[in-house]
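Visitor: What follows is a single structure, and I will ask about it in a moment.
What follows draws every value from the coordinates through simple rules; no lab data is involved. If you're wondering where the values come from, they're calculated on a predicted model, not measured in any experiment. Positions of Cβ are generated from backbone atoms using ideal geometry, with glycine treated the same way; all protein chains shown enter the neighbour counts.
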């Protein structure tokens, strides 16, 4: 997991623009096996998860699983750093099930 960076990616630039235009507090970008990125209202805070290697049977439902676990973590007042690995693991598990 990474946090903070002086180099802004095109993803971060786009996320920050959307956040400013639409008054959004948090944007979560999922990128499949390339991990995920969370952007918060704090411009100095960027949290990303590492790439993973998966045995993928089916990706249907992976995004829904990630969002469900993220929302559950937020509702339980968990820290983003705690939520990201749980959400990623749950989405990975869903990818391992054919026809999920």
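Visitor: Kindly check whether there is at least one residue in the stretch 14-29 that is outside any helix (DSSP H, G or I), in contact with a helix residue (DSSP H, G or I) (Cβ under 7 Å, 6 or more places away or on another chain), in contact (Cβ under 8 Å) with a residue 24 or more places away in the chain and surrounded by 12 or more Cβ atoms within 10 Å (Cβ to Cβ).
Guide: Yes: the stretch 14-29 contains one or more residues that are outside any helix (DSSP H, G or I), in contact with a helix residue (DSSP H, G or I) (Cβ under 7 Å, 6 or more places away or on another chain), in contact (Cβ under 8 Å) with a residue 24 or more places away in the chain and surrounded by 12 or more Cβ atoms within 10 Å (Cβ to Cβ).
Visitor: Give me a count of the residues in the stretch 41-95 that are part of a helix (DSSP H, G or I), surrounded by fewer than 12 Cβ atoms within 10 Å (Cβ to Cβ) and touching a residue at least 40 places away in the same chain (Cβ under 8 Å).
Guide: Final tally of qualifying residues: 0.
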